[in-house]
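Working notes for the structure below.
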Amino acid sequence: MGQFKPSDYNHFIYIEEEDKYLIYNAISNGLAKLEPEIFNRLKEGVKGLETLEQDPGKKDLLQRLSDGNIIVDNDFDEIDFLRTRFNMGKFSQKTLSLTIVTTADCNMACVYCYQGTQTPAYAGKNLQDSILKFVEERIKSMGYKSLYVTWYGGEPLLNKDFIFSLSKKILKLCKPHNLLYGAMVVTNGTIMNKAIAKKLKGLKVGRMQITIDGPQAIHDRRRPIKNSKKSSYKLILENVKRVLGILPVQIRINVDKTNFSNTLELLENLERNGILNNNKDLNVYIGYTREWTTNCKNISHNCFSMKEFSVAEIEFQKMLIARGYSLGNLYLSPTGTCVSVSPHGYVIEPGGELHKCWSDVGNKEAYLGHVDKPVTFNKKLLKWLSFDPLMQMPECRACKLFPVCGGGCPYVAIKQSNILKDDKEYNCTPWKLFMEEKIQLFLKDKAGQLKSKI
Amino acid sequence: MEWIIQPLNGFNEVAAVIFSDCPSAFSTTSCAWYSECNGTGRMIIVQT
């Protein structure tokens, strides 16, 4: 018996015009072009590789195949390897990651909001002290190298002074511990202005995420300002223009069956406003709306399935490329998993209550601790920390793209597993459904074949 | 055989995602499920 077997995580695409094969290995993330002869040996499995091993002239080729994880030692267990890699990421003590909900209050009333109509709470000075203590204790016991904060809401900028004040204190705390610090803010963009952006930048906020759901009429219908007839769309666009060049902006377009067809019009509008054109500080992508909680149950019939979303995503990417935007990073990258299943990531509510996921913000039943108290390994917390898709989900164990998605969204797997009974692909990556098309798109973009004039 | 994208090797060469260079945080697509993490880079990845 030979030394090698083909990896279980190889994916092949035939290139007719060249009579060659593309091979993507999901563990190493490598993409290569193969001669048909090598493809045939790989398809033959262990026996085919034995043929190569017996040929002294193929030593270098075997080494390269091995370097790319395309072939592995016969007794190498790739599932064990992936599980180990997954757990090393999950339990890595490198970074403490906090999402801080500065307020549950919001000045908008988005139709798909999952947070409900709780009494608006604002984080105050007491919470700042508690968070600082929480962080310092953990720095000392865990030896983190970095701290990352996501400012979240409600609308986090309704409590901007809290962000400014706590950021300063965090920066002061990080210094003697030599802790690298970074942050971002998820905002609806209605309150943002130049002065705020400058201040945030000085406080190490590296970017902001703002959602625009379509051209004005569509966006305003989906994301209206509370108790006002004022257009949030116009306001947001003006604010984005003001802050570009100060802070990078990430525009998220939440799409479903009712608004995806208007995406092109939005892109055109962003261009007309000088927002999209050649702007290195701006990035735009589509995301999906989902029935995360019962608070947004009314939107479920409009939501895309993963398959529908995947189709929309490819269309959207083609749209961008065709308009002259090189996406640059169309290629997928292997992920570990969401920080929600790590013991080093928490969401902190304005009252100090702890969660593991944004989707639980406002859900009192999901509280799993408090920032003022030691975190105990209670039942709720263990549900997250013990997330182990390769052991818990047979579909993931059998999936040859597991290294790419790491089991998908833990919130869905843990809290909405009933959905997966009816729709097995609900929590899968779009790559799983359209891998060949996505790789082809990447290659064409890389070769500049899809660009048109802008 | 010709590499188009070089493979990442072992544990150490897998790029860090959490911080500012996070490909999932500031890209349209490179993260496989950025939609779930809202593109914020909350994804963690193996780094030793």
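Could you run the numbers on buried accessible area between A and B, total for both chains, 1.4 angstrom probe, in Å² to the nearest 100? List each step's numbers first, then the result.
Numbers: alone 21600 and 4320 Å², together 20960 Å².
Answer for the A-B pair: about 5000 Å² buried.
Taking amide H positions as placed 1.01 Å from N in the peptide plane, with prolines and chain starts having none, which residues 5 or more places from residue A:254, or on another chain, fall under 5 Å of its amide H?
A:212, A:287
In whole Å and largest first, what semi-axes does the C-alpha gyration tensor of the range A:233-317 yield when each eigenvalue is scaled by 5 and square-rooted? If you can, show how the numbers build up before the last one.
On the way: eigenvalues 138, 44, 26 Å².
So the equivalent ellipsoid measures 26, 15, 11 Å along its semi-axes.
Given the pairs A:94/A:199; A:160/A:318; A:90/A:125, which span a C-alpha to C-alpha distance of over 30 angstrom in this model?
A:160/A:318; A:90/A:125
List the residues, sorted by chain then number, that are 5 or more residues from residue A:15 or on another chain and whose placed amide H is less than 5 Å from its amide H.
A:20, A:21, A:22
Pairs A:201/A:280; A:379/A:432; A:257/A:415: which exceed 21 Å Cα-Cα? Please list the in-between numbers first.
On the way: A:201/A:280 17 Å; A:379/A:432 33 Å; A:257/A:415 24 Å.
Beyond 21 Å: A:379/A:432; A:257/A:415.
Roughly how many Å² is the accessible area per residue of the range A:130-252, as a whole number, for a 1.4 Å probe?
Per-residue accessible area for the range A:130-252 comes out at 40 Å².
Taking a quarter of the surface of the convex hull around the Cα atoms of chain A, what do you get in nm²? Don't skip to the end; give the middle numbers.
Values: hull surface 95.4 nm².
That works out to 23.8 nm².
Length gain on complete extension for the stretch residue A:377 to residue A:422, per 0.36 nm per residue less the alpha carbon to alpha carbon distance?
Values: separation 45, 0.36 × 45 = 16.20 nm, distance 3.18 nm.
In short, 13.0 nm is gained.
Residue by residue, what Karplus-based ³J(HN,Hα) values in Hz, rounded to whole numbers, does the range A:362-373 have, using 6.51, -1.76 and 1.60 with θ = phi - 60° and x for Gly and Pro?
Each residue of the range A:362-373 in turn: x, 9, 4, 5, 8, 4, 10, x, 9, 4, 7, 10 Hz.
How long is the gain from residue A:277 to residue A:125 if the chain were fully straight, where each residue apart is worth 0.36 nm and the alpha carbon distance is subtracted? Walk me through the numbers before you get to the answer.
Values: separation 152, 0.36 × 152 = 54.72 nm, distance 4.16 nm.
In short, 50.6 nm is gained.
If all Cα-Cα distances of the range A:189-298 are sorted into 10 Å bins from 0 onward, what percent lands in each bin, rounded to whole numbers?
Histogram of Cα-Cα distances, whole percents per bin: 14, 44, 33, 9, 0.
Determine which aspartates and glutamates satisfy two conditions relative to residue A:198: a Cα distance under 20 Å, and not lying fewer than 8 residues away in the same chain.
Within reach: A:155, A:161, A:238, A:281.
Carbon and sulfur: what percent of chain A's accessible surface (1.4 Å probe)? Show your work: numbers first, answer last.
Values: 9680 of 19350 Å².
That share works out to 50 percent.
Compute the Kirkwood hydrodynamic radius of the range A:71-223, taking the inverse of the mean of 1/r over all pairs of distinct Cα atoms, and give it in Å to one decimal. Write out the running numbers ahead of the final one.
Values: mean 1/r = 0.0560 Å⁻¹.
Computed over the range A:71-223, the radius equals 17.9 Å.
Would you calculate the separation in nanometres between label points at residue A:322 and residue A:444, each defined as 7 Å from the Cα along the Cα-to-beta-carbon direction?
1.0 nm
Summing +1 for each Lys or Arg and -1 for each Asp or Glu, what net charge is found among the other residues whose Cβ lies under 12 Å from the Cβ of residue A:96?
On the way: positive: A:94, A:138, A:140, A:145; negative: A:136, A:137.
In short, +2.
Provide the per residue accessible area, probe 1.4 Å, for the range A:62-101, rounded to a whole number of square angstrom.
On the way: 1470 Å² over 40 residues.
Solvent-accessible surface per residue comes out at 37 Å².
Averaged across orientations, what area in nm² does the convex hull of the alpha carbons in the range A:1-150 project?
16.0 nm²
By how many nm would the segment from residue A:199 to residue A:172 lengthen if fully extended, with 0.36 nm per residue of separation less the alpha-carbon distance? Please list the in-between numbers first.
Values: separation 27, 0.36 × 27 = 9.72 nm, distance 1.60 nm.
Gain on stretching residue A:199 to residue A:172: 8.1 nm.
7 Å from Cα along Cα→Cβ at both residue A:132 and residue A:234: what's the point-to-point distance in nm?
4.3 nm
In terms of modelled amide H atoms, which long-range or inter-chain residues lie less than 5 Å from the amide H of residue A:30?
Distant-sequence amide H within range of residue A:30: A:25, B:8.
Karplus couplings for the range A:158-174 from phi (6.51 cos²θ - 1.76 cosθ + 1.60, θ = phi - 60°), rounded to Hz, Gly and Pro as x?
5, 10, 5, 4, 5, 4, 4, 5, 5, 4, 4, 5, 5, 4, 5, 5, 5
Mind listing the phi-derived Karplus ³J(HN,Hα) values for the range A:439-444, rounded to whole Hz, using 6.51, -1.76 and 1.60 with θ = phi - 60°, and x for any glycine or proline?
5, 4, 4, 4, 5, 5
When the helix-only estimate is applied to the protein assembly as shown (DSSP H runs of n ≥ 4, each -39,500 (n - 2.57), divided by the residue count), what is the mean residue ellipticity at 222 nm, nearest 500 deg cm²/dmol? Display every interim value, and only then the final one.
On the way: 20 runs with 179 residues, N = 502.
My calculation for the protein assembly as shown gives -10000 deg cm²/dmol from helical runs alone.
Filter the cross-link list A:5/A:307; A:59/A:400; A:297/A:356 down to pairs whose alpha-carbon distance in this structure exceeds 25 Å. Please report the intermediate quantities before stating the final value.
On the way: A:5/A:307 33 Å; A:59/A:400 27 Å; A:297/A:356 22 Å.
Exceeds cut-off: A:5/A:307; A:59/A:400.
Per residue, what volume in Å³ does the convex hull of the Cα atoms of the range A:61-117 enclose? Present the calculation step by step, with values, prior to reporting the outcome.
On the way: hull volume 11.8 nm³, N = 57.
Roughly 207 Å³ of hull volume per residue.
Could you tell me which of rounded, prolate or oblate describes the range A:164-203, using a ≥ b ≥ c as the square roots of the eigenvalues of the alpha-carbon gyration tensor, with rounded for a/c under 1.5 and, failing that, prolate when a/b is larger than b/c and oblate otherwise? Before the final figure, lay out each step's value.
On the way: a/c = 3.03, a/b = 2.39, b/c = 1.27.
Prolate, because a/c is 1.5 or more and a/b exceeds b/c.
If each of residue A:242 and residue A:73 carries a label point 7 Å out from its Cα toward its Cβ, how far apart are those two points in nm?
My value for the distance between the label points is 6.1 nm.
On the Cα set of the range A:167-253, report Rg and Dmax in Å, please.
In order Rg, Dmax, the Cα atoms of the range A:167-253 give 15.3, 51 Å.
The values are calculated or read from the model by the stated rules, or taken from the named source; none is laboratory data. None of the values given here were measured: they were computed from a predicted structure. Neighbour counts run over all protein chains shown; Cβ positions are idealised from the backbone, glycine included. Ligands, DNA and RNA are excluded from the accessible area calculation, which covers all protein heavy atoms including side chains. Shrake-Rupley method; radii C 1.70, N 1.55, O 1.52, S 1.80 Å.
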